[in-house]
Amino acid sequence: MPNDQTCQRYQKFGRFGTFGRFGTLGLAHWVIGSLKGLMVITRELTLRSRGGYDVQDITEAVARAVKESKLATGIVTIFCPGSTGGITTIEFEEGVIHDLRVVLDEITPPSRAYRHHLRWHDDNGHSHLRAALIGPSLTVPFVNGELTLGTWQQIVFCDFDTAPRTRTLIVQMMGESAPSRGQGE
């Protein structure tokens, strides 16, 4: 973790500071600043999607990011930059994944004529609407370095676009480190 001097150096560039980069296990990792014990740590999670309707369980990757952050208690937000992907929680099993697709097909059928297609001459109008319905981000509390998800609850990334692509999700953790021995005792 950076020391206070490092955080102060980055804070001079804006209210929350600019990004200082530290690498771990191939994931990009930034520390934004420290506010009286509160740390904000940001990582990127890169995925390869099949397109069409691709739902991927990212729970383990998010849990690993929280563990590696060394934060004890706080929140983690997962955000999908882009307008054709979404993040939610669901029981990650074949039946529920299928049922979600059926419901989304009823609400936003791919075969419908969307005005978006006329403007951009593409075929992913339904993808934008599905992403808007699911939402681009999710926030989950963590306690003692563990996500507070239910037994059958997984964090999933949903790619609704019509073509395969590489997606980079933002995983941002805000919280407090575990007290050092002798501190707060």
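Points worth noting:
- Selection within the stretch 121-132 - surrounded by 14 or more Cβ atoms within 10 Å (Cβ to Cβ) and either in a helix (DSSP H, G or I) or of a type outside the set (D, E, K, R) (or both): 124, 125, 126, 127, 128, 129, 130, 131, 132
- Evaluation of residue 123 against (1) at pLDDT 95 or above; (2) among the acidic types (Asp, Glu); (3) over 20 Å from the mean Cα position of the chain (by Cα) (one fails), failing number: (1)
- Among the residues of the stretch 83-120, those that are surrounded by 14 or more Cβ atoms within 10 Å (Cβ to Cβ), modelled with pLDDT of 95 or more and not β-branched (Val, Ile, Thr) comprise 83, 85, 86, 92, 100, 101, 104, 105.
- Within the stretch 74-90, residues that are within 16 Å of residue 161 (Cα to Cα) and in contact (Cβ under 8 Å) with a residue 60 or more places away in the chain have Cβ atoms under 6 Å from residues that are in a strand (DSSP E or B) and aromatic (Phe, Trp, Tyr) in these pairs: 87/157, counting only partners at least 6 apart in sequence or on another chain.
The values are calculated or read from the model by the stated rules, or taken from the named source; none is laboratory data. Just so we're clear, the structure is a prediction, and the values are computed from it rather than from any experiment. Note: ideal-geometry Cβ built from the backbone for every residue, glycine included; neighbour counts use all protein chains shown.
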